[in-house]
Amino acid sequence: MATDFKSIPIIDVAPLLAKCDDPKMVQDPAVREVVKQLDQACREAGFFYAKGHGIPETMVKEVRNITHKFFDLPYEEKLKIKMTPAAGYRGYQRIGENITKGVPDMHEAIDCYKELKQGMYGALGKPMEGCNQWPHYPPNFKELMEEYISLCTEVSRKIMRGIALALGGSPDEFEGERGGDAFWVMRLIGYPGASTANGKCTSENDIGCGAHTDYGLLTLVNQDENITALQVRNQAGEWISAPPNPGTFVCNIGDMLKPNYDAAVEPLEVCVRKRGGTRKFEKAVYGEHLVSKVQTNFVT
């Protein structure tokens, strides 16, 4: 549960990442310290900066740079990869097509998901089946993003092992049937000025993305340098800024696990035992939750 926190903690996750596949990781004092900090951050804020994540800063910057180059293209060029339901809700969204709580968001984006083959999850997976739509320009866009996704997914897996320990479970609590084949989501988002919003921006709404929680459990945010835009609301209703911090990702936990697409998400047994056998939340299927969000959040 969030508290009246006033700042976002910075956690050096390098000791956890270095030992996270070691069977004796839980005995390592440096790992235990990271787990302690993760526990406190997730309970008090739900957000933290992760430094020491191991992804080269050159790649992190190139991802930002190449994304800017795409959003700088003429509108007609960007529409060549337009998002549609037939494309599995993958591709380019123009400004105002993403909806948060009934209000159009003033941003454009490319949405990418782990690719699902036809029939892979039956009717549950049907709305999300398809391949990601990648632009032909800038060059090397697809290759860079796929490598970046692979690295971010691995960092997320390792941080999740620390979060599992923070909950009192085993390091692999979120793997196997729950999250061993994680259904990842990546959004590349551009926030143009009001005057460049393809004729859709009005003075009535200048919010890039409205207040929301994320679909999964763990999100890694790669922010532009020198621009403070991300804010986090504490329990008192105050908005706390999360300015860019070089060499870090802003991480936050959201609605769900970052699980397999068809994973049944329910309270961990270790957490149920802590509550004297009481289950506070009912079971949900991640794919159903994701599809419900996707189909109500986007105007196509």
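The values are calculated or read from the model by the stated rules, or taken from the named source; none is laboratory data. In this text, all values refer to a predicted model and were calculated from it rather than measured experimentally. Positions of Cβ are backbone-derived with ideal geometry, glycine not excepted, and every protein chain shown enters the neighbour counts. Accessible surface areas use protein heavy atoms only, side chains included; no ligands, DNA or RNA. Shrake-Rupley method; radii C 1.70, N 1.55, O 1.52, S 1.80 Å.
Listed here are the residues, each with its yes/no results for (1) more than 30 Å from LYS24 (Cβ to Cβ); (2) among the polar types (S, T, N, Q); (3) in contact with an Asp or Glu (Cβ under 8 Å, 6 or more places away or on another chain).
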site: THR84; (1), (2), (3): yes, yes, no
site: ASP105; (1), (2), (3): yes, no, no
site: LYS117; (1), (2), (3): yes, no, yes
site: GLY122; (1), (2), (3): yes, no, no
site: TRP134; (1), (2), (3): yes, no, no
site: CYS152; (1), (2), (3): no, no, no
site: GLY162; (1), (2), (3): no, no, no
site: SER170; (1), (2), (3): no, yes, no
Residues satisfying the stated conditions in segment 1-39, i.e. open to solvent by 80 Å² or more (accessible area, probe 1.4 Å), at pLDDT 95 or above and closer than 27 Å to GLU238 by Cβ: ILE10, LYS36
Of all residues making up segment 111-138, the number that are aromatic (Phe, Trp, Tyr), surrounded by 14 or more Cβ atoms within 10 Å (Cβ to Cβ) and at pLDDT 90 or above: 2
